[in-house]
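Here's the structure we're looking at; comments come further down.
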Amino acid sequence: MKVYINGRFLTQRITGVQRFAREILISLDRLKNSKIKFILVIPENITCELELENIMVVKYGKTKGHLWEQFDLRRFTRNKLLLNLCNTSPILKKKQLTVIHDMAVFATPQNFSRSFQLFYKMLFKSNKFSKNEIITISNFSRNEISKYLKIKEDRIHVIIEGKEQIKRINSDNAIIEKYKLKNKEFVLAVSSMNPNKNFKVITRAADYFSKNIPLVIAGGNNFEIFKKTNFSKVENVLHVGYVTDEQLKALYENALCFIYPSYYEGFGLPPIEAMATGCPVIVSDQASLPEVCGDAAEYIAPDDAHSLSKTIKKLYSDPHHRNLLIEKGNKQSNKFTWELAGKQIYSLIEKRVINESSGRT
């Protein structure tokens, strides 16, 4: 049995959703004794840089973006089963499985342009009128999808994510040397222009930071936030700009803790990455984060800057508590692997294939 995979994600910059798709693809490629032949379909004008041994790569269609997905991809796969890993899928296609990561466009519409809202809401709602099953990445997202799309939960299946991407790379400690962070207990945050990431609470908490606890900000997209606050004037704040995965791993490994105060997450991969490298995490008590982080994180209300500062100081002044959190984080992160995620998604596909061959769908 052949199953086709929507390869549009290879044309997009890598964020959490594209990371998920790449890792699932690698995991499926490594499955032994697979009864299913996977075929990755990509536009003719791109190259698949991933080294795949068992998954065939086929190029088709001269368009790109949504046009390629809605017309070329649908035409090529026709009556074949299609796996979509990054939220979007051909609207009129009958035989497909789609991974929907979250319902942020419904839950926090103010964070998106009007045109983006209209298109993605239409795209998501189209799933309601098909018999196709949906895959998602947390029970939180499952409940959100059911709530906003009015889809019964038995059509929505939950799989996990993984953290091997951070484990298999080597740390680039040059960034630690460059900014003289060796043997310093600093707080790490990764900036983002997405309002859901709630970077503003970190800017407010900076006023409470002890002078002995530097704040290191990785990422290059928050200059407007800095301009609108007095954040740039706060002592002991270091903005290191864009960092590679290897540099980020070095920062994780050397930080006192990692802050992730998001309002809305379908899963929340960075805290699991931080835990896997031995870095304690502080996260908000919202959305999927309590489900994913369990008892291995410190929790704050997302708008409580004072509580955030107080929690950071506790980790700084209490090494025993910090070490306990590191131990719990290591155990928690070990629950999440791309190998298991790949097996979970394969099992769902296999079940779909069996049901189709027996005429039950």
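The values are calculated or read from the model by the stated rules, or taken from the named source; none is laboratory data. Note that this is a predicted model, so its numbers are computed, not measured. Here the Cβ is made from the backbone with ideal geometry for all residues, glycine too, and neighbour counts use every protein chain on show.
Count of the range 40-69 residues, restricted to those that are within 24 Å of the chain's Cα centre (by Cα) and of a type in the set (Val, Ile, Thr), is 5.
In the set (1) buried (at least 23 other Cβ atoms within 10 Å of the Cβ); (2) touching a Pro at 6+ places or on another chain (Cβ under 6 Å), the condition left unmet by LEU248 is number (2). Scanning the range 271-316 for residues that are at pLDDT 95 or above, part of a helix (DSSP H, G or I) and surrounded by fewer than 17 Cβ atoms within 10 Å (Cβ to Cβ) yields PRO290, GLU291.
Going through TYR120, TYR148 one at a time, which residue ends up being free of Cβ contacts under 8 Å to residues at least 40 places away in the same chain, among the aromatic types (Phe, Trp, Tyr) and in contact with a helix residue (DSSP H, G or I) (Cβ under 7 Å, 6 or more places away or on another chain)? From the options TYR120, TYR148, the qualifying one is TYR120.
Residue count for the range 323-347 under the criterion of being surrounded by 18 or more Cβ atoms within 10 Å (Cβ to Cβ) and either touching a Leu at 6+ places or on another chain (Cβ under 9 Å) or not in a helix (DSSP H, G or I) (or both): the result is 6. Condition first: at pLDDT below 80, surrounded by fewer than 18 Cβ atoms within 10 Å (Cβ to Cβ) and either more than 18 Å from ALA305 (Cα to Cα) or acidic (Asp, Glu) (or both). Can you find one or more residues in the range 191-206 that meet it? Yes: one or more hits. Restricting GLY278, GLY268 to those that are closer than 29 Å to TYR179 by Cβ and within 15 Å of the chain's Cα centre (by Cα) reduces the list to GLY268. Look at PHE71 and say whether it is surrounded by fewer than 20 Cβ atoms within 10 Å (Cβ to Cβ), in contact with a Phe, Trp or Tyr (Cβ under 8 Å, 6 or more places away or on another chain) and outside any loop (DSSP other than H, G, I, E, B). Criteria not met by PHE71.
Summed over the range 1-15, the residues that are modelled with pLDDT of 95 or more and in a loop (DSSP other than H, G, I, E, B) give a count of 1. Residues that are β-branched (Val, Ile, Thr), in a helix (DSSP H, G or I), farther than 20 Å from PHE9 by Cα and in contact (Cβ under 8 Å) with a residue 40 or more places away in the chain: does the range 100-113 have at least one? Looking through the range 100-113, none of the residues is β-branched (Val, Ile, Thr), in a helix (DSSP H, G or I), farther than 20 Å from PHE9 by Cα and in contact (Cβ under 8 Å) with a residue 40 or more places away in the chain.
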